[in-house]
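The values are calculated or read from the model by the stated rules, or taken from the named source; none is laboratory data. This one's a predicted model, so the numbers in the text were calculated from it and none came from an experiment. All Cβ positions, even for glycine, are placed from backbone atoms using ideal geometry, and neighbour counts span all protein chains on display.
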Amino acid sequence: MLVVDDDSAVQVSLALLLKQAGFDARCADDPRQALQLLEDGPFDLVLQDMNFSLQTGGEEGLALLARIKERHPALPVLLMTAWGSITLAVRGVKAGAANFFTKPWDNGQLVALVEATLQAAMQATPAPQSTPQSTRRALDARFEFGAIVGEHPKLLKVLETIGQVARTRAPVLILGESGTGKELVADAIHRNSPRAAHPIVKINMGAITPTLFESEMFGHVRGAFTDARSDRKGHVAMASGGTLFLDEIGELQRGDQVKLLRVLQDQRYQPVGASRSEQADLRVVSATNRELAELVAGGDFREDLFYRLNLITIRLPALRERRSDIPLLARHIVAGVAESYGLGGIGLAPAALDWLAAQPWPGNIRQLKQTLERTVLLSGKDQLGQADFLATSAVDEGAPGTRLGVDGMTLEQVERHMIEQALQQHGRNISRVAKALGLSRTALYRRLERHGLGGVDEDE
(Lines give C-alpha, C1' and ligand atoms only; values in the text may rest on other atoms or scores of the structure.)
Protein backbone atom coordinates (compact mmCIF):
# COMPACT_ATOMS: atom_id res chain seq x y z
CA MET A 1 0.00 0.00 0.00
CA LEU A 2 1.02 3.60 -0.55
CA VAL A 3 1.42 6.28 2.16
CA VAL A 4 1.33 9.86 0.83
CA ASP A 5 2.42 12.55 3.29
CA ASP A 6 5.02 15.33 3.26
CA ASP A 7 5.91 14.65 6.92
CA SER A 8 8.65 12.01 7.17
CA ALA A 9 7.67 11.22 10.78
CA VAL A 10 4.15 10.35 9.65
CA GLN A 11 5.55 8.19 6.84
CA VAL A 12 7.78 6.24 9.21
CA SER A 13 5.06 5.78 11.83
CA LEU A 14 2.50 4.53 9.34
CA ALA A 15 4.94 2.30 7.49
CA LEU A 16 6.01 0.67 10.77
CA LEU A 17 2.42 0.20 11.94
CA LEU A 18 1.42 -1.37 8.63
CA LYS A 19 4.46 -3.64 8.62
CA GLN A 20 3.61 -4.87 12.13
CA ALA A 21 0.09 -5.59 10.90
CA GLY A 22 1.48 -7.67 8.01
CA PHE A 23 1.30 -5.14 5.15
CA ASP A 24 4.02 -3.81 2.85
CA ALA A 25 4.11 -0.04 2.49
CA ARG A 26 5.86 2.48 0.25
CA CYS A 27 5.92 6.23 0.85
CA ALA A 28 5.58 9.36 -1.29
CA ASP A 29 6.26 12.96 -0.30
CA ASP A 30 3.90 14.75 -2.67
CA PRO A 31 1.15 14.21 -5.29
CA ARG A 32 3.58 14.03 -8.23
CA GLN A 33 5.65 11.26 -6.66
CA ALA A 34 2.50 9.43 -5.53
CA LEU A 35 1.03 9.36 -9.02
CA GLN A 36 4.33 8.12 -10.46
CA LEU A 37 4.52 5.25 -7.96
CA LEU A 38 0.94 4.29 -8.72
CA GLU A 39 1.80 4.11 -12.42
CA ASP A 40 4.90 1.99 -11.78
CA GLY A 41 3.38 -0.74 -9.67
CA PRO A 42 0.10 -2.16 -8.33
CA PHE A 43 -1.15 -1.05 -4.89
CA ASP A 44 -4.09 -2.31 -2.84
CA LEU A 45 -4.71 0.84 -0.82
CA VAL A 46 -3.65 4.50 -0.55
CA LEU A 47 -3.37 6.38 2.73
CA GLN A 48 -3.29 10.01 1.65
CA ASP A 49 -2.83 13.27 3.53
CA MET A 50 -5.07 16.22 2.66
CA ASN A 51 -2.41 18.95 2.95
CA PHE A 52 1.03 19.13 1.34
CA SER A 53 2.11 22.68 2.17
CA LEU A 54 1.48 25.36 4.79
CA GLN A 55 -0.53 27.43 2.34
CA THR A 56 -2.96 24.78 1.10
CA GLY A 57 -6.48 24.54 2.42
CA GLY A 58 -6.86 20.93 1.35
CA GLU A 59 -7.60 21.60 -2.31
CA GLU A 60 -4.31 19.94 -3.27
CA GLY A 61 -5.39 16.80 -1.45
CA LEU A 62 -8.79 16.80 -3.14
CA ALA A 63 -7.10 17.26 -6.50
CA LEU A 64 -4.83 14.29 -5.86
CA LEU A 65 -7.81 12.18 -4.83
CA ALA A 66 -9.60 13.13 -8.06
CA ARG A 67 -6.60 12.12 -10.19
CA ILE A 68 -6.20 8.80 -8.36
CA LYS A 69 -9.90 7.95 -8.83
CA GLU A 70 -9.68 8.98 -12.49
CA ARG A 71 -6.68 6.77 -13.24
CA HIS A 72 -7.37 3.95 -10.75
CA PRO A 73 -11.13 4.00 -10.04
CA ALA A 74 -11.16 0.69 -8.14
CA LEU A 75 -8.25 1.63 -5.83
CA PRO A 76 -9.55 2.50 -2.33
CA VAL A 77 -8.22 5.68 -0.71
CA LEU A 78 -8.18 6.51 3.00
CA LEU A 79 -7.74 10.20 3.76
CA MET A 80 -5.86 11.46 6.81
CA THR A 81 -6.51 14.86 8.28
CA ALA A 82 -6.48 16.90 11.47
CA TRP A 83 -9.65 17.57 13.45
CA GLY A 84 -9.74 21.12 12.16
CA SER A 85 -10.28 19.74 8.65
CA ILE A 86 -13.12 17.27 9.32
CA THR A 87 -15.43 19.07 6.90
CA LEU A 88 -12.74 18.78 4.23
CA ALA A 89 -12.44 15.05 4.85
CA VAL A 90 -16.21 14.66 4.50
CA ARG A 91 -15.93 16.38 1.10
CA GLY A 92 -13.25 13.84 0.20
CA VAL A 93 -15.47 10.89 1.11
CA LYS A 94 -18.26 12.34 -1.01
CA ALA A 95 -15.73 12.67 -3.86
CA GLY A 96 -14.87 8.96 -3.78
CA ALA A 97 -12.56 8.25 -0.83
CA ALA A 98 -13.38 5.01 1.01
CA ASN A 99 -13.13 6.67 4.44
CA PHE A 100 -10.89 8.92 6.52
CA PHE A 101 -8.99 8.94 9.82
CA THR A 102 -7.50 11.70 11.89
CA LYS A 103 -4.08 12.63 13.22
CA PRO A 104 -3.11 11.52 15.76
CA TRP A 105 -4.65 8.11 15.11
CA ASP A 106 -5.39 5.13 17.33
CA ASN A 107 -3.25 2.22 16.07
CA GLY A 108 -5.84 -0.47 16.71
CA GLN A 109 -8.69 1.47 15.11
CA LEU A 110 -6.57 2.37 12.09
CA VAL A 111 -5.50 -1.24 11.46
CA ALA A 112 -9.14 -2.34 11.75
CA LEU A 113 -10.14 0.37 9.26
CA VAL A 114 -7.40 -0.70 6.83
CA GLU A 115 -8.42 -4.37 7.06
CA ALA A 116 -12.13 -3.59 6.56
CA THR A 117 -11.38 -1.33 3.59
CA LEU A 118 -9.20 -3.99 1.95
CA GLN A 119 -11.79 -6.68 2.56
CA ALA A 120 -14.53 -4.57 0.97
CA ALA A 121 -12.28 -3.82 -2.02
CA MET A 122 -11.35 -7.51 -2.49
CA GLN A 123 -14.99 -8.58 -2.46
CA ALA A 124 -15.99 -5.92 -4.97
CA THR A 125 -16.59 -7.22 -8.47
CA PRO A 126 -16.24 -5.12 -11.63
CA ALA A 127 -19.56 -3.81 -12.93
CA PRO A 128 -20.55 -5.83 -16.00
CA GLN A 129 -20.69 -4.03 -19.33
CA SER A 130 -24.45 -4.24 -19.64
CA THR A 131 -27.60 -2.29 -19.08
CA PRO A 132 -28.58 -1.13 -15.57
CA GLN A 133 -31.51 -3.58 -15.65
CA SER A 134 -29.25 -6.62 -16.16
CA THR A 135 -26.90 -5.35 -13.46
CA ARG A 136 -29.80 -5.15 -11.02
CA ARG A 137 -30.88 -8.64 -12.05
CA ALA A 138 -27.37 -9.92 -11.39
CA LEU A 139 -27.42 -8.40 -7.89
CA ASP A 140 -30.89 -9.80 -7.19
CA ALA A 141 -29.64 -13.24 -8.22
CA ARG A 142 -26.93 -13.09 -5.53
CA PHE A 143 -28.68 -11.19 -2.73
CA GLU A 144 -32.12 -10.51 -1.29
CA PHE A 145 -32.91 -6.88 -2.12
CA GLY A 146 -36.64 -7.24 -2.80
CA ALA A 147 -37.72 -4.32 -0.60
CA ILE A 148 -35.35 -1.83 -2.28
CA VAL A 149 -36.67 -0.51 -5.59
CA GLY A 150 -34.48 1.08 -8.25
CA GLU A 151 -31.70 0.53 -10.75
CA HIS A 152 -29.90 3.88 -10.89
CA PRO A 153 -26.08 3.45 -10.85
CA LYS A 154 -25.80 5.27 -7.50
CA LEU A 155 -28.29 2.87 -5.93
CA LEU A 156 -26.59 -0.15 -7.52
CA LYS A 157 -23.32 0.96 -5.93
CA VAL A 158 -25.06 0.99 -2.54
CA LEU A 159 -26.47 -2.49 -3.15
CA GLU A 160 -23.04 -3.81 -4.11
CA THR A 161 -21.61 -2.43 -0.88
CA ILE A 162 -24.40 -4.03 1.13
CA GLY A 163 -23.62 -7.37 -0.49
CA GLN A 164 -19.92 -6.99 0.31
CA VAL A 165 -20.29 -6.09 3.98
CA ALA A 166 -23.43 -8.05 4.94
CA ARG A 167 -21.60 -11.32 5.64
CA THR A 168 -19.08 -9.64 7.95
CA ARG A 169 -19.79 -8.43 11.47
CA ALA A 170 -18.20 -5.02 10.88
CA PRO A 171 -20.20 -2.05 12.23
CA VAL A 172 -21.95 -0.12 9.47
CA LEU A 173 -22.95 3.55 9.51
CA ILE A 174 -25.71 4.52 7.05
CA LEU A 175 -25.80 8.20 6.09
CA GLY A 176 -28.51 9.93 4.12
CA GLU A 177 -31.20 12.56 4.19
CA SER A 178 -34.52 11.85 5.91
CA GLY A 179 -36.71 9.58 3.84
CA THR A 180 -33.99 8.00 1.69
CA GLY A 181 -34.57 4.46 3.00
CA LYS A 182 -31.91 3.97 5.67
CA GLU A 183 -34.02 1.45 7.56
CA LEU A 184 -34.53 -0.60 4.37
CA VAL A 185 -30.75 -0.74 3.95
CA ALA A 186 -30.33 -1.91 7.55
CA ASP A 187 -32.91 -4.64 6.89
CA ALA A 188 -31.05 -5.68 3.74
CA ILE A 189 -27.73 -5.91 5.59
CA HIS A 190 -29.33 -8.13 8.22
CA ARG A 191 -31.31 -10.25 5.74
CA ASN A 192 -28.17 -11.03 3.70
CA SER A 193 -25.98 -11.80 6.72
CA PRO A 194 -25.28 -15.07 8.56
CA ARG A 195 -27.41 -13.57 11.37
CA ALA A 196 -30.60 -13.50 9.30
CA ALA A 197 -32.22 -16.29 11.35
CA HIS A 198 -31.96 -14.13 14.47
CA PRO A 199 -33.83 -10.87 15.12
CA ILE A 200 -32.96 -7.36 14.03
CA VAL A 201 -33.84 -5.06 16.93
CA LYS A 202 -34.56 -1.47 15.90
CA ILE A 203 -34.21 1.48 18.27
CA ASN A 204 -34.86 5.16 17.60
CA MET A 205 -32.11 6.76 19.67
CA GLY A 206 -33.87 10.13 19.63
CA ALA A 207 -36.85 8.59 21.42
CA ILE A 208 -34.92 7.28 24.45
CA THR A 209 -34.63 9.77 27.29
CA PRO A 210 -31.35 9.82 29.28
CA THR A 211 -33.11 8.61 32.45
CA LEU A 212 -34.33 5.45 30.71
CA PHE A 213 -31.32 4.79 28.47
CA GLU A 214 -29.62 2.07 30.56
CA SER A 215 -32.87 0.28 31.40
CA GLU A 216 -34.08 0.33 27.77
CA MET A 217 -30.75 -0.72 26.29
CA PHE A 218 -29.39 -3.12 28.90
CA GLY A 219 -32.52 -4.19 30.81
CA HIS A 220 -32.88 -4.42 34.58
CA VAL A 221 -33.27 -6.96 37.35
CA ARG A 222 -36.14 -7.16 39.80
CA GLY A 223 -35.86 -4.53 42.51
CA ALA A 224 -33.38 -2.37 40.61
CA PHE A 225 -35.74 0.59 41.11
CA THR A 226 -39.25 1.23 42.46
CA ASP A 227 -41.24 -0.05 39.47
CA ALA A 228 -38.90 -2.94 38.61
CA ARG A 229 -41.23 -5.77 39.70
CA SER A 230 -39.55 -8.39 37.51
CA ASP A 231 -36.44 -8.92 35.40
CA ARG A 232 -36.63 -7.28 31.98
CA LYS A 233 -34.47 -7.82 28.92
CA GLY A 234 -33.07 -4.76 27.19
CA HIS A 235 -32.62 -4.15 23.48
CA VAL A 236 -29.04 -5.44 23.54
CA ALA A 237 -30.07 -8.80 24.99
CA MET A 238 -33.00 -9.12 22.57
CA ALA A 239 -30.61 -8.58 19.65
CA SER A 240 -28.27 -11.36 20.80
CA GLY A 241 -27.13 -13.39 17.80
CA GLY A 242 -28.69 -10.84 15.45
CA THR A 243 -28.40 -7.18 14.56
CA LEU A 244 -28.91 -4.03 16.62
CA PHE A 245 -30.11 -1.13 14.46
CA LEU A 246 -29.53 2.28 16.07
CA ASP A 247 -31.60 4.76 14.09
CA GLU A 248 -31.02 8.52 14.50
CA ILE A 249 -27.71 7.82 16.25
CA GLY A 250 -26.84 11.51 15.88
CA GLU A 251 -29.58 12.33 18.40
CA LEU A 252 -27.97 10.27 21.18
CA GLN A 253 -27.14 12.40 24.22
CA ARG A 254 -23.41 12.73 24.87
CA GLY A 255 -23.75 11.33 28.39
CA ASP A 256 -25.23 8.12 27.00
CA GLN A 257 -22.65 7.76 24.24
CA VAL A 258 -19.99 6.41 26.62
CA LYS A 259 -22.43 3.74 27.87
CA LEU A 260 -23.01 2.56 24.31
CA LEU A 261 -19.28 2.70 23.60
CA ARG A 262 -18.56 0.14 26.34
CA VAL A 263 -20.85 -2.38 24.64
CA LEU A 264 -19.18 -1.86 21.27
CA GLN A 265 -15.68 -2.10 22.72
CA ASP A 266 -16.10 -5.12 24.99
CA GLN A 267 -19.25 -6.81 23.65
CA ARG A 268 -20.47 -6.84 27.23
CA TYR A 269 -23.22 -5.00 29.12
CA GLN A 270 -24.61 -4.89 32.64
CA PRO A 271 -28.37 -4.76 33.35
CA VAL A 272 -29.44 -2.10 35.83
CA GLY A 273 -29.19 -3.49 39.34
CA ALA A 274 -27.26 -6.61 38.30
CA SER A 275 -24.04 -7.60 40.05
CA ARG A 276 -22.24 -8.87 36.96
CA SER A 277 -22.05 -8.15 33.26
CA GLU A 278 -23.44 -10.23 30.39
CA GLN A 279 -21.97 -11.18 27.02
CA ALA A 280 -23.39 -9.41 23.93
CA ASP A 281 -23.21 -11.24 20.59
CA LEU A 282 -24.48 -8.67 18.14
CA ARG A 283 -23.71 -6.74 14.99
CA VAL A 284 -24.36 -2.98 15.15
CA VAL A 285 -25.79 -0.99 12.25
CA SER A 286 -26.51 2.70 12.83
CA ALA A 287 -28.06 5.47 10.76
CA THR A 288 -28.37 9.23 10.81
CA ASN A 289 -29.32 12.13 8.54
CA ARG A 290 -26.62 14.28 10.19
CA GLU A 291 -22.87 14.41 9.49
CA LEU A 292 -21.40 12.65 12.53
CA ALA A 293 -17.90 13.81 11.64
CA GLU A 294 -19.02 17.42 11.93
CA LEU A 295 -20.78 16.67 15.23
CA VAL A 296 -17.49 15.22 16.49
CA ALA A 297 -15.60 18.32 15.40
CA GLY A 298 -18.15 20.45 17.27
CA GLY A 299 -17.83 18.39 20.46
CA ASP A 300 -21.37 16.96 20.31
CA PHE A 301 -20.38 13.38 19.48
CA ARG A 302 -17.58 11.28 20.95
CA GLU A 303 -14.62 10.67 18.67
CA ASP A 304 -14.06 7.11 19.92
CA LEU A 305 -17.72 6.14 19.44
CA PHE A 306 -17.69 7.66 15.95
CA TYR A 307 -14.81 5.39 14.92
CA ARG A 308 -16.49 2.35 16.45
CA LEU A 309 -19.65 2.99 14.43
CA ASN A 310 -18.26 3.95 11.02
CA LEU A 311 -15.88 1.13 10.19
CA ILE A 312 -17.98 0.78 7.03
CA THR A 313 -19.96 3.81 5.81
CA ILE A 314 -22.82 3.63 3.31
CA ARG A 315 -24.05 6.97 1.96
CA LEU A 316 -27.51 6.85 0.37
CA PRO A 317 -28.27 9.14 -2.58
CA ALA A 318 -31.17 11.56 -2.27
CA LEU A 319 -34.14 10.83 -4.52
CA ARG A 320 -33.33 13.88 -6.68
CA GLU A 321 -29.94 12.25 -7.41
CA ARG A 322 -31.62 9.20 -8.96
CA ARG A 323 -34.62 10.65 -10.75
CA SER A 324 -34.73 7.78 -13.25
CA ASP A 325 -35.90 5.54 -10.39
CA ILE A 326 -38.94 7.70 -9.59
CA PRO A 327 -41.30 6.00 -12.14
CA LEU A 328 -40.29 2.57 -10.79
CA LEU A 329 -40.82 3.71 -7.21
CA ALA A 330 -44.13 5.40 -8.05
CA ARG A 331 -45.57 2.27 -9.67
CA HIS A 332 -44.34 0.12 -6.78
CA ILE A 333 -45.79 2.44 -4.14
CA VAL A 334 -49.15 2.85 -5.90
CA ALA A 335 -49.49 -0.93 -6.23
CA GLY A 336 -48.77 -1.32 -2.50
CA VAL A 337 -51.26 1.40 -1.53
CA ALA A 338 -53.97 -0.10 -3.74
CA GLU A 339 -53.43 -3.54 -2.21
CA SER A 340 -53.40 -2.27 1.39
CA TYR A 341 -56.71 -0.39 0.91
CA GLY A 342 -58.35 -3.16 -1.08
CA LEU A 343 -58.53 -1.13 -4.28
CA GLY A 344 -58.27 -2.44 -7.83
CA GLY A 345 -55.36 -1.85 -10.14
CA ILE A 346 -54.34 1.81 -10.40
CA GLY A 347 -52.25 3.17 -13.27
CA LEU A 348 -50.10 6.26 -13.70
CA ALA A 349 -50.29 8.26 -16.92
CA PRO A 350 -46.98 9.10 -18.65
CA ALA A 351 -47.52 12.84 -17.97
CA ALA A 352 -48.00 12.08 -14.27
CA LEU A 353 -44.76 10.09 -14.16
CA ASP A 354 -42.92 12.94 -15.90
CA TRP A 355 -44.32 15.40 -13.38
CA LEU A 356 -43.32 13.22 -10.44
CA ALA A 357 -39.80 12.78 -11.83
CA ALA A 358 -39.39 16.57 -12.20
CA GLN A 359 -40.10 17.43 -8.54
CA PRO A 360 -37.25 18.13 -6.06
CA TRP A 361 -38.67 15.85 -3.30
CA PRO A 362 -36.85 17.32 -0.26
CA GLY A 363 -38.52 14.61 1.84
CA ASN A 364 -37.26 11.92 -0.56
CA ILE A 365 -39.05 8.56 -0.83
CA ARG A 366 -41.14 9.21 2.29
CA GLN A 367 -42.56 12.39 0.76
CA LEU A 368 -43.13 10.67 -2.59
CA LYS A 369 -45.05 7.87 -0.84
CA GLN A 370 -47.19 10.34 1.10
CA THR A 371 -48.02 12.28 -2.07
CA LEU A 372 -48.94 9.12 -3.99
CA GLU A 373 -51.03 7.68 -1.18
CA ARG A 374 -52.93 10.95 -0.72
CA THR A 375 -53.63 11.23 -4.44
CA VAL A 376 -54.79 7.61 -4.73
CA LEU A 377 -57.24 8.05 -1.86
CA LEU A 378 -58.56 11.49 -2.76
CA SER A 379 -58.87 11.08 -6.52
CA GLY A 380 -60.84 7.84 -6.50
CA LYS A 381 -59.62 7.09 -10.03
CA ASP A 382 -58.01 3.99 -11.51
CA GLN A 383 -55.75 6.09 -13.77
CA LEU A 384 -53.92 9.04 -12.23
CA GLY A 385 -52.87 12.01 -14.37
CA GLN A 386 -50.80 15.10 -13.69
CA ALA A 387 -53.94 17.12 -12.87
CA ASP A 388 -54.79 14.71 -10.04
CA PHE A 389 -51.44 15.35 -8.37
CA LEU A 390 -51.71 19.11 -8.85
CA ALA A 391 -55.11 19.02 -7.19
CA THR A 392 -54.23 16.83 -4.21
CA SER A 393 -50.47 17.00 -3.53
CA ALA A 394 -48.85 19.22 -0.92
CA VAL A 395 -47.54 21.78 -3.39
CA ASP A 396 -46.47 25.15 -2.04
CA GLU A 397 -49.46 27.38 -2.80
CA GLY A 398 -47.24 30.37 -3.44
CA ALA A 399 -45.10 28.57 -6.01
CA PRO A 400 -45.98 28.58 -9.69
CA GLY A 401 -47.30 25.51 -11.47
CA THR A 402 -45.67 22.25 -10.57
CA ARG A 403 -42.81 23.25 -8.28
CA LEU A 404 -42.71 22.23 -4.61
CA GLY A 405 -41.39 25.65 -3.60
CA VAL A 406 -38.01 24.69 -2.08
CA ASP A 407 -35.59 25.68 -4.83
CA GLY A 408 -32.58 27.54 -3.47
CA MET A 409 -33.19 26.44 0.14
CA THR A 410 -30.54 24.89 2.36
CA LEU A 411 -31.24 21.49 3.93
CA GLU A 412 -32.00 23.21 7.25
CA GLN A 413 -34.49 25.53 5.53
CA VAL A 414 -36.13 22.60 3.75
CA GLU A 415 -36.50 20.75 7.06
CA ARG A 416 -38.10 23.80 8.69
CA HIS A 417 -40.37 24.22 5.65
CA MET A 418 -41.54 20.59 5.87
CA ILE A 419 -42.20 20.84 9.62
CA GLU A 420 -44.18 24.06 9.16
CA GLN A 421 -46.24 22.41 6.40
CA ALA A 422 -46.93 19.38 8.61
CA LEU A 423 -47.87 21.58 11.59
CA GLN A 424 -50.35 23.45 9.44
CA GLN A 425 -51.74 20.31 7.82
CA HIS A 426 -52.29 18.48 11.14
CA GLY A 427 -53.49 21.39 13.27
CA ARG A 428 -50.20 21.49 15.23
CA ASN A 429 -51.03 18.14 16.87
CA ILE A 430 -47.64 16.78 17.99
CA SER A 431 -48.48 13.09 17.58
CA ARG A 432 -49.93 13.47 14.09
CA VAL A 433 -47.10 15.74 12.95
CA ALA A 434 -44.46 13.28 14.24
CA LYS A 435 -46.17 10.37 12.47
CA ALA A 436 -46.49 12.30 9.20
CA LEU A 437 -42.78 13.19 9.24
CA GLY A 438 -41.65 9.71 10.29
CA LEU A 439 -40.10 11.00 13.54
CA SER A 440 -40.45 10.11 17.20
CA ARG A 441 -42.09 12.73 19.42
CA THR A 442 -38.75 13.34 21.17
CA ALA A 443 -36.91 13.85 17.88
CA LEU A 444 -39.65 16.20 16.68
CA TYR A 445 -39.44 18.25 19.88
CA ARG A 446 -35.71 18.71 19.28
CA ARG A 447 -36.30 19.92 15.75
CA LEU A 448 -39.05 22.26 16.89
CA GLU A 449 -36.66 23.75 19.43
CA ARG A 450 -33.83 24.01 16.88
CA HIS A 451 -36.04 25.84 14.39
CA GLY A 452 -37.81 27.98 16.99
CA LEU A 453 -41.22 26.44 16.25
CA GLY A 454 -43.43 26.08 19.32
CA GLY A 455 -47.05 26.11 20.35
CA VAL A 456 -47.94 22.50 19.54
CA ASP A 457 -51.01 20.63 20.79
CA GLU A 458 -50.22 17.72 23.11
CA ASP A 459 -53.66 16.09 22.76
CA GLU A 460 -53.96 12.95 20.72
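A25: closer than 15 Å to W105 by Cβ and surrounded by fewer than 16 Cβ atoms within 10 Å (Cβ to Cβ), yes or no? Taking the combined requirement at face value, the residue does not satisfy it. Among the residues of region 205-242, those identified as surrounded by fewer than 16 Cβ atoms within 10 Å (Cβ to Cβ) and among the polar types (S, T, N, Q) are T209, T211, T226, S230. Please verify whether L356 is in contact with a helix residue (DSSP H, G or I) (Cβ under 9 Å, 6 or more places away or on another chain) and either touching a residue at least 40 places away in the same chain (Cβ under 8 Å) or of a type in the set (K, R) (or both), treating the condition exactly as stated. It is false that L356 is in contact with a helix residue (DSSP H, G or I) (Cβ under 9 Å, 6 or more places away or on another chain) and either touching a residue at least 40 places away in the same chain (Cβ under 8 Å) or of a type in the set (K, R) (or both).
Of the helices (runs of 4 or more DSSP H) lying entirely inside region 29-136, those containing at least 3 residues that are under 25 Å from the mean Cα position of the chain (by Cα), surrounded by 13 or more Cβ atoms within 10 Å (Cβ to Cβ) and modelled with pLDDT of 80 or more span 59-71, 86-94, 107-123. Restricting attention to region 262-287, the residues being over 22 Å from R167 (Cα atoms), among the hydroxyl-bearing types (S, T, Y) and touching a residue at least 12 places away in the same chain (Cβ under 8 Å) number 1. Residues in region 283-299 that are modelled with pLDDT under 90 and out of contact with any Asp or Glu (no Cβ under 7 Å at 6 or more places or on another chain): R290, E291, L292, A293, E294, L295, A297, G298, G299.
Yes/no matrix, rows are residues, columns are (1) within 13 Å of the chain's Cα centre (by Cα); (2) surrounded by fewer than 22 Cβ atoms within 10 Å (Cβ to Cβ):
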| site | (1), (2) |
| --- | --- |
| L244 | no, no |
| E248 | yes, no |
| E251 | no, yes |
| G255 | no, yes |
| V263 | no, yes |
| D281 | no, yes |
| A297 | no, yes |
| L309 | yes, no |
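Do the conditions hold for D396, that is, is it at pLDDT below 50 and surrounded by 12 or more Cβ atoms within 10 Å (Cβ to Cβ)? For D396, the condition - at pLDDT below 50 and surrounded by 12 or more Cβ atoms within 10 Å (Cβ to Cβ) - is met. Within region 336-351, residues that are within 22 Å of G146 (Cβ to Cβ) and assigned by TED's automatic domain parsing to the domain that holds Q386 sit with their Cβ atoms under 7 Å from residues that are surrounded by 12 or more Cβ atoms within 10 Å (Cβ to Cβ) and of a type in the set (K, R), at 6+ positions apart or across chains, in these pairs: L348/R331. Residue-level analysis places R222 outside the set of residues that are in a loop (DSSP other than H, G, I, E, B) and modelled with pLDDT of 90 or more.
This table checks each residue for (1) touching a Leu at 6+ places or on another chain (Cβ under 6 Å); (2) in a loop (DSSP other than H, G, I, E, B); (3) under 27 Å from G181 (Cα atoms).
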residue: A274; (1), (2), (3): no, yes, no
residue: A287; (1), (2), (3): no, no, yes
residue: R290; (1), (2), (3): no, yes, yes
residue: E294; (1), (2), (3): no, no, yes
residue: D300; (1), (2), (3): no, yes, yes
residue: F306; (1), (2), (3): yes, no, yes
